[in-house]
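Data first, discussion second: the structure below is written as structure tokens.
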Amino acid sequence: MYKNNKRSWAEPFKIKMVEPLFMTTIKDRLRYIEEAGYNTFLLRSKDVYIDLLTDSGTSAMSDRQWAGMMLGDEAYAGSENFYHFEAAVQKFYGYKHVIPTHQGRGAEHLLSRILIKKGDFIPGNMYFTTTRLHQELAGGTFVDVIIDEAHDPESEFKFKGNIDLQKLKDLIESKGADKIPYICVATTVNMAGGQPISLQNLKEVRQMADVYGIDIVHDMTRVAENAYMIQQHETGYEKKSVAEIVREICSLTDHATMSAKKDALVNIGGFLATNKDDVYTEASNWVVVYEGLHTYGGLAGRDMEAMAIGIAESVQDDHIRARIGQVHYLGQRLIDFNVPVVMPLGTHGIFLDAKRILPHVSQENYPAQTLAAELYLDSGVRSMERGIVSAGRNEVTGKHNYPKLELVRLTIPRRVYTQAHMDVVAESVQAVYENRAAVKGLEMVYEPKYLRFFQARFRKL
Ligand SMILES: *Cc1c(COP(=O)(O)O)cnc(C)c1O
């Protein structure tokens, strides 16, 4: 019913309102990127033509969501919109308790603070920047237990988000289960290129967690996209709807953190969910300190209404099929141009393999950062670095972390750009790829202490 639908993935919506875009000249862009310290995060959005920096908070809301915004109940406590939002989380994700937060990291902060003790270890299927930082700030150490294939951009394995059960077991056995507050499972794995985890793997992780009495925290930022990949590629799920698969994934975990700015189609918002009453009680206390009362968590009533509606829209098969269809359309065009991209194609963006595109730029000269700047110069397309800059420094030695992957992410906002925009992007990447031999690297001239990729500045070599 759902798998291998041969019809085109055309969008299940039509356009009712438009926002103009403006082109810049190469002369303008030379100035803008230099002023931005060769960091695409420091560009002004008005100077960007097609913005593929992130899929976070950049999606287009539906007319239903905008209508919901008008129904905002802006009471300080007990807003009606909170109860709609709570019901949506319970219906579509199945978690018992939910606390809204201003975005995903607000939830990560609270949960890390509650569950992690100093000296703990937190295994996860690859790190995410804010997730790991909150684990570290709470006194924990992140340990990567993702399968090796995830670190190999050429491996075509379909479920590169899977956890390596041996690595997980070895960690638990060597540190002791009491030092592992939880296993962090992300759907999909952002830093691996938007790669999904299989339900079979998650079930095995659940079994192991039960043997040792360890909880599972679900980073469910892109759970609907992960569910779609399971529907398409995992045996036994071809006849299940995305909504059913999403419920099954959530049912295998104990707690969740969500950035609703991704899957759930809102411009701001997130939440923490849990099935455990004691964690809920503690979180509803801490949220007052850092975000706001537990019935608004830093959000307006209207934001919670938009989130409730967005959650329902995000698990519809037609929506998710067109969303990932567009991402894969761009990816296929780049493959046709022979541009090295992370395989298999992920769900929220296409990841250019900067190590293979710029083999003459050493990792100390930031090949992915360089490539992102070159792409902006060529066409005004904004992308972002996911490589050594994002990986930061080792807490103890102060040295760079050297990730195997040195990627440029072309992240596609949901329901925002057309197929013609994807063509423009593909042609620009091709042009940069053809001129790659002339490209030199960068040196860092300003380095912030935390999450340096957001604000670091560079100079051309
Ligand atoms: C974006 C993201 C987060 C953090 O969410 P914010 O809303 O940006 O704070 C956490 N985990 C993953 C996998 C993400 O992509």
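Taken over segment 251-269, the residue count meeting the criterion of being without any contact (Cβ under 8 Å) to a residue 60 or more places away in the chain and open to solvent by less than 20 Å² (accessible area, probe 1.4 Å) is 2. Here S362 does not qualify as among the polar types (S, T, N, Q) and open to solvent by less than 10 Å² (accessible area, probe 1.4 Å).
For segment 198-230, enumerate the residues that are within 11 Å of the ligand (Cβ to nearest atom) and open to solvent by 10 Å² or more (accessible area, probe 1.4 Å). Result: D219, T221. Checked across segment 189-197, the condition of being out of contact with any Ser or Thr (no Cβ under 6 Å at 6 or more places or on another chain), of a type outside the set (S, T, Y) and more than 14 Å from the ligand (Cβ to nearest atom) holds for no residue.
Residues of segment 174-188 that are more than 16 Å from the ligand (Cβ to nearest atom) and surrounded by 16 or more Cβ atoms within 10 Å (Cβ to Cβ): K175, K179, I180, P181. Open to solvent by 10 Å² or more (accessible area, probe 1.4 Å) and within 15 Å of the ligand (Cβ to nearest atom), is that true of Y127? Yes, satisfied. Scanning segment 34-84 for residues that are among the aromatic types (F, W, Y) and within 16 Å of the ligand (Cβ to nearest atom) gives a single hit, F41. For segment 204-317, the helices (runs of 4 or more DSSP H) that sit wholly inside it and include 1 or more residues that are within 16 Å of G104 (Cα to Cα) are 223-233, 277-290, 301-314.
Among the residues of segment 79-99, is any open to solvent by 30 Å² or more (accessible area, probe 1.4 Å), among the acidic types (D, E) and in the same structural domain as L171 (by TED's automatic domain parsing)? Checking segment 79-99: at least one residue is open to solvent by 30 Å² or more (accessible area, probe 1.4 Å), among the acidic types (D, E) and in the same structural domain as L171 (by TED's automatic domain parsing).
Here are some residues: Y290, Y329. Which one is surrounded by fewer than 22 Cβ atoms within 10 Å (Cβ to Cβ), under 16 Å from T411 (Cβ atoms) and in contact (Cβ under 8 Å) with a residue 24 or more places away in the chain? One residue alone meets the criteria, Y329.
Pairs are defined by a Cβ separation below 6 Å, a sequence spacing of at least 6 or placement on different chains, a first member in segment 217-242 that is more than 15 Å from T257 (Cβ to Cβ), and a second member that is of a type in the set (G, A, S); the pairs so defined are A224/S314; E234/S198; V242/A224; V242/A227.
Tell me yes or no: at least one residue of segment 310-320 is out of contact with any Cys (no Cβ under 8 Å at 6 or more places or on another chain), open to solvent by 40 Å² or more (accessible area, probe 1.4 Å) and at pLDDT 95 or above. Within segment 310-320, one or more residues are out of contact with any Cys (no Cβ under 8 Å at 6 or more places or on another chain), open to solvent by 40 Å² or more (accessible area, probe 1.4 Å) and at pLDDT 95 or above. Residue check: G119 meets all listed conditions (1) surrounded by fewer than 20 Cβ atoms within 10 Å (Cβ to Cβ); (2) within 12 Å of the ligand (Cβ to nearest atom) but one, namely (2). Yes or no: segment 55-76 includes at least one residue that is open to solvent by 70 Å² or more (accessible area, probe 1.4 Å), more than 18 Å from the chain's Cα centre (by Cα) and of a type in the set (G, A, S). No, every residue in segment 55-76 fails to be open to solvent by 70 Å² or more (accessible area, probe 1.4 Å), more than 18 Å from the chain's Cα centre (by Cα) and of a type in the set (G, A, S). Is it the case, given these coordinates, that L171 is part of a helix (DSSP H, G or I), of a type in the set (A, V, I, L, M, F, W, C) and open to solvent by less than 20 Å² (accessible area, probe 1.4 Å)? In short, yes. Right, I114: over 30 Å from S383 (Cβ atoms), away from the ligand (no atom under 16 Å from the Cβ), in a helix (DSSP H, G or I) and of a type in the set (V, I, T) or not? Judged against the criteria, I114 is a match.
Conditions (1) more than 28 Å from R409 (Cα to Cα); (2) within 17 Å of the chain's Cα centre (by Cα), marked per residue:
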| position | (1), (2) |
| --- | --- |
| T187 | no, yes |
| P196 | no, yes |
| V205 | yes, no |
| G213 | yes, no |
| V223 | no, yes |
| A243 | no, no |
| K276 | yes, no |
| T281 | yes, no |
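The values are calculated or read from the model by the stated rules, or taken from the named source; none is laboratory data. As the structure is a computational prediction, the values presented were derived from the model and not from experiment. All Cβ positions, glycine included, derive from the backbone under ideal geometry; neighbour counts span all protein chains shown. All accessible areas refer to the heavy atoms of the entire protein, side chains included, with ligands and DNA or RNA removed. Shrake-Rupley method; radii C 1.70, N 1.55, O 1.52, S 1.80 Å.
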